[in-house]
Each structure stands twice: as structure tokens, then as C-alpha cells.
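These notes are about the structure you will find just below.
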Amino acid sequence: MSDQLPPADPPADPGTTESTKDASAHGAVATTESPQTGQAGPGKSRLKLTGDTIIEAITYGSPAVITILAIFMALVVSALLIVFSDPAILHAWAAFFNAPGQALSMTWHSISTAYSALFEGAIFSPSTIANAFHGGPIAAIFYPISLTAFEATPLILTGLSVAIAFRAGLFNIGANGQFVGGAMVAAWLGFAVHLPAGIHILVCVIGGFVGGAIVGWIVGVLKARTGAHEVIVTIMLNYVMYNLLSYLLGTPHGLQQPHQSNLVAPAIDNNATFPHVGGPPPQANIGFLIALAAAAGVAWLLSRSTIGFQFRTVGANPRAARSAGMSVERSWALVMLVAGGLAGLAASAVIQGGGPPPPLTFNTYGTYGFDGITVALLGRARPWGVVLAGLLFGALQAGGTAMQAATYPQVPVDIVEVIQGLIVLFVAAPPLIRAIFRLRAARGTGLEAVAKGWNG
Amino acid sequence: MTTVTATIRLRATESRRELAAGTFILLGAIDALIFGLFSHPGNATFEFSISGSGVQIPAVQVPAAAVCYAVGAISVAVGIWRAIVEPSRIVKRVAIGVVLVCFLIALLCWADAGDSTAVNLVNLMQQSFAQSIPLVLGALCGCMCERSGVINIAIEGQLLTGAFTGAIVASGAGSLVLGLVSGSLAAGLLGLMLAVFAITFLVDQIILGVVLNVLALGLTGFLYDRLMQPNPDLNSGNTFSAIKIPGLGDIPIIGPIFFDSTIFLYITYALIIVIQIGLFRTRWGLRVRAVGEHPTAADTVGIKVLWTRYRNVVLGGMVAGIGGAYLTIGSVGYFNKDISSGYGFIALAAMIFGRWTPLGSVAASLLFGFSAQLAVVLSSLNVPLSSNILLMTPYLATIIAVAGLVGKVRAPAADGKPYVKA
């Protein structure tokens, strides 16, 4: 391992800057080479190897380490934001030299209240364990984590939708529109058709998939047939679908609830709602299992099937795929069909979950599709990565709501978006994290090769 | 190989000619057969001046159905002509314009036939221009960034940042001009973040744009709840008032549309001209485009690639910031969560639709602004169509245009690719 000293401090004389530049360039070359020279030799014992691997992973910043540090940094930056947007604390800091303890304790109190509420809302709350010992409900212990899974369900599914399109080289900003497509079909099947319990659930889920898949397929076919750019088409289809939803919700023979002037659909049948896992709703339900199954399905599709291989080849290099005899156009149409279907499944999870689920309204779609982009990016467009990212964001969402309720002056739940954005930003820029934590430079661990430019 | 490419290109022109001609004839048929046949009996009335201002022009009454048949016939004729002749580029564009205007006349005649309310065309145009300002500026920001080779999906975030900062500074400092400047600077700061991460840290630019949008949405939402909600003084709702340009503003029809608006419209004019001429007629623009198409070549001849990109991304951000400030201190005054509501994404689409040229982006942005306003006007008339269906049309029209008429677009060759010196 070459221990290059950092270049000497630049001298004040501007005439010698050239040599300083040389020195830093040399240092950079040496550090990029160091990982190879730092590999454990073949003679070392297995145990030693494992130890070295772990130490290396930490000092060089493996993807997992970078992600953890990124989460930490995001929480630190957000804590600063919480503190410096509170006028009372700012006043205390203004009087820092009169009463330093006051400023520090107020700062600490503000951050610790917010983040402990965030944690207790998302993972578990120690008080519920104490209650359980005194005869309280045991299910309450699992309530926060169940809520996290509940919040994560649609995020995982829209994340998978964006991720699978990324793998085929397409940028799907239209998961929201596909969500609406799925939501309309799932909701209609939910209230207009009456079927026995198990079958009704299945019919609605399939309906949601099909509804989203149609919207996604339109994008893929237009791209394949005419070369219309998928970014424009997905953005435009989002607005088309929002307006179509509003229109149908305002039409008595469309999706509107009878004798209702608001834009609300009828509640779906009880037979069509997902059974949940104990405790008061909203709770994790079989929607979460569907999301996991979808992740497994996407993982199988991408890594084990011919179609998935074609997707990945088209994503990596469409020209090579074409000269290898694959139909790039067919892959585009198919991958958008699947992506749309996954976004439609997210809609079915929202429409049928959270029993009794709220009926479909004109803003049920929220920002699930756009959050899906962040989830897919953080999950590096890998199916199981998307599941983990979805769980993390679900936890932040669940905890953020609890935090807003538990703090005074209120810490708005919008901070969750800031934390999410910062996490992805830091994960995407490993050199920054390395610089902050003085990690050694290493092989690429960023989010490279996930997204592509306009020219594909 | 060359012959194959040539054949493909020829075939593409052929199919495009058929498609264009078919679309023209179809629109003509809609003009005559749908709008003409199904219009209420009676006249359509059009007004050309805003009440109580300058010279008044008498309103015009036309027999609705007859006009529909006439413009339909014109469109069909243009379509047939287009199928036979392969005209030059400019003539093609004029043909598209003629058919669209015909369609519009037929639509308005059909909507207004027999209705007592008149359609005020001047008001319609004036409002469309106003609606288009954030779109135009956002799309110009996109051109600035992407011509130098940096993809900017964060236009939405930059608009939002500009809107928030504009409102809070204008209210807090009591100066609208200060609000405008700081809105622009704040969005420029977001541009600087984009530049630092994209150019220096080589972060994927699409990821970056998405992240910056999320950050801007979260941050403005958080600060809105945290600062503006408890202190209404920080969101006081002041707006710029309209400035009428002496002389020009008094010209009938043209005056109220182009020369009687807030400072934002005039800034927009200036920026359109500066950026269009700057990108295509100056040394600066040549260098920017060289950096966006082939950075290695640009570097070889001594152009500072990274510096050019930094400068363009930050300046682009500042342009978008002005558009953002318009959303608050230029129109409604008050800031609200997610006030940009997707304008940035439409601006992005407008830029791609306009093929990465400032004038093309402006035309596409105007199309969106105009159709949105048209939907508002039509929903005030007695039209048997839901406003949602009307609001849907600009987006559907874009999809059809992108799929049928524009086809495959080509971004600057190095767009989105970070430049690392070999």
C-alpha cells in the first residue's frame, strides 16, 4: 500500500502553482492504484482474509458502508435544518455567550425529540415493550414496523417499475400515470363487480396490473414505432391520466359514487380488501407480500429469463442488441408493459390495502410514481436493492408522520423528503462521502450505469 | 452501408409525408364534419379589444357552420397538396401553421355558435402569454444546460426554489425587485449544486436532477410550514403591476397582447433573443455547442470544457429562477407547497419537443400555455365537453405531435456525459 503524503500546502507564490498541480495529479494516480496493491496475498489464512475484507470494505467504503454513512450524513444535515429553522433556538444561540448551556440543551432537546419520535414511529417504541410486561398488548410492539411495511408497499412497487425500465435503458417518469391507470381498473372492479372473497382480491390485483400495463405499453409502443421520446410521452400521459381520472370521477356512470357531487368513487367491497396482520389498521397486509413477490419475479425475469437478458442487453447497448438479432423495439414495448403493470400493482396495494381502504379520489395517486424514481435510484435498479430502499423510505414516511405529531414547534413531515433526497445525493456521490469521512479512494461504488442520457 | 442509410432516410421522409398529409386531412374533416355539422345554429362572436382600454375594435360576428366548412375545406386542400408536393422546410411549417389556425377557428366557432358570450381573442392571447412565462424560462434554462452537455431534470426544483425565495424575500424585505433577484440567485444556487455534483463529482445527471427536485420540494415545503405558516408577514402576496410600454402598448390588438404586462414578460423577450442569438450567432455559443457535442475536440482547441459547463448550468438556473419568481410575485403573489405543479417537467418536454433550440422550446411552451388557457375559455362557454377532457388536449396533442410529426429527436452528442480529461 503506497502511503502517498498529501501534496504540500500550495505556496503563496503564484509562480509555483504548476508544480503543485503536478504533485496532486501524481497523488491522485497513486491513490487509484492502491486498491490493487492492497489486495490480501493468497498465502494468508481464510480467517485473516475475512478480517481483511471487512476492514477493507470499511476503509475503502463498500457500497453498504457508503449507504450507511450517507444516511448518517443526511440525518445530520436535516438536524441542522430543524435547528436553524426554529426561531427560539436561533435566539438562544444569539445569546450563546451569556448562557451557552441554554443554547446547547435546546438544540439537543429539539433534535433528540424529533429523531426519537422518528425512530419510534418507524421501528419500535421502547414504551410498548414496557407496557407488554405490564399486560399491555404485545401486537403494539410490532405496530411501527408494520406501519413501515405498509408505507413501503407502494414505494417498492413503483420503485420496481422505474427500476426495470432503467435496466432496459428507458427513463419511466410516468409511474404516476400508470398508477392512475391501475387505480381506475382496480377500483372499478372493486365496487362494480361482486365476487367471493379470495377471487375478488385476485381479480382486482390482476385488474390493477392490467390497467397500469396498458398505460405503460402505450409508451413503449410509441417509442418503438415512431421513436417518440419516452420522457415526453410519460410526462404527458401523467397529465392525460390525471384529467381522465378527474373526468371519470365526475361522471355518474363512470367512477363517481352515486348521489355524490364530490370527485369520489364508491368504497370497494369488503371481499376485495386485503386482509391485514392483526392490530389496528393501517397495517401491513398481503400487499406487502405481493410487493416482495413482485421483487422476486423481477429478479427472476432480469437474471434468469431470455426476455430479461434482452432487456439488459438493450439497456446496455441497443446497437449491439440489434446486431445480435434481438428486437430492440419489442423489448421496449415489453419492458414498459411490465413497468406499467408494476405501477398498477402499487395502485392495487393502495386501493385494496389499509383496510378499510379510503375510496379512490382525484388525488389518490399522490407522488408514489415520483418517489418510485428515488427508490429505484437508491436501490441501484436492482430488485432487492429496491425492496431495501423502499423499506427505508417507508420507515421515514411512517416515522415522519409520528415526528410531526410529537414535536412542538412542529417539525413538518416534509423533512422526510429532504432526508430522502440527501440520502440519494450522498449515495450517488461516493467521492464526497469519502472526502468527509477520510475514506480511501476505491473502485466505483456510485450509482453509475443506472440512468442514461437522452440519446440512449 | 451508405445506400442502406439513404434508403431508410428516404423511407422515413416518405412515411412522414403521408403522415403529415393524413393528419392535415383528418383535422380538416374534423373541422367540417364534426364542428361544422354539430354546431348550434347562429353566429359566433369574437372580440378584439379589452374593455376600457385604448382603441376599441368592434366585435365580429360570423356564421359558425359556414366558417367551419370553409376552414375544413382549406385544411383538406393543404393536406392533398402536401401529399403530392415535397415543399421546402419553411413552407412545410407554414402549412402546419395554417392547418392549426383553421382547426382553432373551427373549434372556437363551434364552441361559441349561438352563445351570447363572445370569445375575447385578445384576452385569450394575453393570458396565454402570461401562462407561458415559467414554461418558456424553464425551457430556456434546459437549452442553456443541455447545449453545454449537462442534462437538467431539476428545472421543476429550480422553479420551485425561485418561487419560494422570491415570495419570502419580497415579503420579508418589502422589495419586489429584491425578491426577483434573490429568486433568480437561489435557483442559480441549485444550478451550482447540479454543476458541482455533475461536473466535479461525476454523479449521473438524471439521478441528480431527480434528487434536486425532491430536495427542493421537501425544503420549500418544510420551510413553508416552519416559517411562512406561523408568520403570514413572510408570505404577504405582493405582486408586480403591469407596465404598459408607451406608444407600442396603445396599438390595437398587438398592444395589449405584447406590450402591456409585468416586467417578467419583457425579461422573457430579452432572454429569448439573447439566448437564441447567443447560442447560434456568437463565439460564446459556438464554444458552448462544441462543448456539448464533442468536448474532447473542444478541449483540444483550448476551450475550457468544465468552466463552460459550470457557467452555463448556473446561468440556466438563474433563468429558471426568474420563471419561478413569476409564479409567486408575478402572478398569484402567495407561495404554496408545490406551486410549480409540474411546470418544470412540461418545460423539459417543451425543450425536447423544440429539439434543444431556444426558439423551438419557446414555440412548444407557447403551445402548452395557449392550450391551457383555451381550455379555460372553452369551459366558460356552453360547450358539451368536460373541462377535464379539454385540459387533457394539450398533452394528447403533444403525444400525437411527438409521435407523428416530430419523430426521433437528437440531443447534443455529449449531453449527460461527464467530461474527464484523458
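The values are calculated or read from the model by the stated rules, or taken from the named source; none is laboratory data. Just so we're clear, the structure is a prediction, and the values are computed from it rather than from any experiment. All Cβ positions, even for glycine, are placed from backbone atoms using ideal geometry, and neighbour counts span all protein chains on display.
Just to verify a result, which residue in region A:162-183, among those that are part of a helix (DSSP H, G or I) and out of contact with any Gly (no Cβ under 6 Å at 6 or more places or on another chain), is farthest from A:H229 (Cα to Cα)? Give the derivation first.
From region A:162-183, those part of a helix (DSSP H, G or I) are A:162-167, A:175-183; that's our starting set.
Those still in the list that are out of contact with any Gly (no Cβ under 6 Å at 6 or more places or on another chain) too: A:163-166, A:177, A:180, A:183.
Values: A:A163: 18, A:I164: 17, A:A165: 14, A:F166: 14, A:G177: 16, A:V180: 21, A:A183: 25 Å.
Result: A:A183.
Which one of B:A372, B:A364 is out of contact with any Gly (no Cβ under 9 Å at 6 or more places or on another chain) and either in contact (Cβ under 8 Å) with a residue 40 or more places away in the chain or under 17 Å from B:I155 (Cβ atoms) (or both)?
B:A372
Among B:L374, B:L359, B:L367, B:L381, which is modelled with pLDDT of 85 or more, more than 10 Å from every other protein chain (Cβ to nearest Cβ) and over 26 Å from A:I218 (Cβ atoms)?
Only one candidate qualifies: B:L359.
Can you tell me which of B:T328, B:T393, B:T296 is on the phi < 0 side of the Ramachandran plot, at the interface with chain A (Cβ under 10 Å from one of its Cβ atoms) and hydroxyl-bearing (S, T, Y)?
None of the other options fit; the residue is B:T393.
Yes/no matrix, rows are residues, columns are (1) within 14 Å of another protein chain (Cβ to nearest Cβ); (2) within 19 Å of A:D371 (Cα to Cα); (3) aromatic (F, W, Y):
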site	(1), (2), (3)
A:F142	no, no, yes
A:L147	no, yes, no
A:T153	no, yes, no
A:A163	yes, yes, no
A:F171	yes, yes, yes
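Exactly one of (1) under 18 Å from the mean Cα position of the chain (by Cα); (2) assigned to a helix (DSSP H, G or I); (3) more than 10 Å from every other protein chain (Cβ to nearest Cβ) is unmet by B:V402. Its number?
(3) is the only condition that B:V402 fails.
I'd like to verify a number: residues in region A:67-109 that are touching a helix residue (DSSP H, G or I) at 6+ places or on another chain (Cβ under 6 Å) and either assigned to a helix (DSSP H, G or I) or among the β-branched types (V, I, T) (or both), how many?
Total meeting the criteria: 18.
Within region A:214-232, can one find any residue that is closer than 15 Å to A:S348 by Cβ and buried (at least 24 other Cβ atoms within 10 Å of the Cβ)?
Yes, the conditions are met somewhere in region A:214-232.
From the residues in region B:137-190 that are of a type in the set (G, A, S) and out of contact with any Gly (no Cβ under 8 Å at 6 or more places or on another chain), which one is nearest to B:G285 (Cα to Cα)? Working first, answer last.
Applying the first criterion (of a type in the set (G, A, S)) to region B:137-190 yields B:138-139, B:142, B:148-149, B:154, B:157, B:162-163, B:166-167, B:170-175, B:179, B:182-184, B:186-188.
Within this subset, residues satisfying the condition of being out of contact with any Gly (no Cβ under 8 Å at 6 or more places or on another chain) are B:172, B:174-175.
Numbers: B:G172: 38, B:G174: 38, B:S175: 34 Å.
The qualifying residue nearest to B:G285 (Cα to Cα) is B:S175.
Just wondering, is there one or more residues in region B:367-386 that are within 19 Å of the chain's Cα centre (by Cα), under 27 Å from B:R16 (Cβ atoms), of a type in the set (F, W, Y) and buried (at least 24 other Cβ atoms within 10 Å of the Cβ)?
Yes - at least one qualifying residue is present in region B:367-386.
In the set A:I235, A:I214, A:I206, A:I201, which member is more than 10 Å from chain B (Cβ to nearest Cβ), modelled with pLDDT under 95 and in a helix (DSSP H, G or I)?
Criteria check complete, one pass: A:I201.
Which pairs turn up if I take residues in region B:274-287 that are under 17 Å from B:G302 (Cα atoms) and look for partners that are of a type in the set (S, T, N, Q) with beta carbon separation below 7 Å, at least 6 apart in sequence or on another chain?
Cβ pairs passing all conditions: B:R287/B:T308.
Taking the stated definitions as given, is B:L348 within 14 Å of chain A (Cβ to nearest Cβ) and surrounded by fewer than 24 Cβ atoms within 10 Å (Cβ to Cβ)?
No.
What are the pairs, 6+ residues apart or on separate chains, where a residue within region A:225-242 that is touching a residue at least 24 places away in the same chain (Cβ under 8 Å) and not assigned by TED's automatic domain parsing to the domain that holds A:E329 has its Cβ under 7 Å from a residue that is among the β-branched types (V, I, T) and not in a helix (DSSP H, G or I)?
Hits for this filter: zero, empty list.
Counting just the residues of region B:176-207 that are within 7 Å of chain A (Cβ to nearest Cβ) and in a helix (DSSP H, G or I), which one comes out surrounded by the most Cβ atoms within 10 Å (Cβ to Cβ)?
From region B:176-207, those within 7 Å of chain A (Cβ to nearest Cβ) are B:197, B:201, B:203-204, B:206-207; that's our starting set.
Filter again for in a helix (DSSP H, G or I), leaving B:197, B:206-207.
On the way: B:F197: 22, B:I206: 24, B:I207: 27.
For region B:176-207, the residue satisfying everything is B:I207.
In region B:19-40, how many are surrounded by fewer than 13 Cβ atoms within 10 Å (Cβ to Cβ) and modelled with pLDDT under 80?
Within region B:19-40, residues that are surrounded by fewer than 13 Cβ atoms within 10 Å (Cβ to Cβ) and modelled with pLDDT under 80 number 0.
The rows are residues; the columns are (1) of a type in the set (A, V, I, L, M); (2) surrounded by 24 or more Cβ atoms within 10 Å (Cβ to Cβ); (3) free of Cβ contacts under 8 Å to residues at least 12 places away in the same chain.
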position	(1), (2), (3)
A:F362	no, no, no
A:F370	no, no, no
A:V375	yes, yes, no
A:A381	yes, no, no
A:V386	yes, yes, no
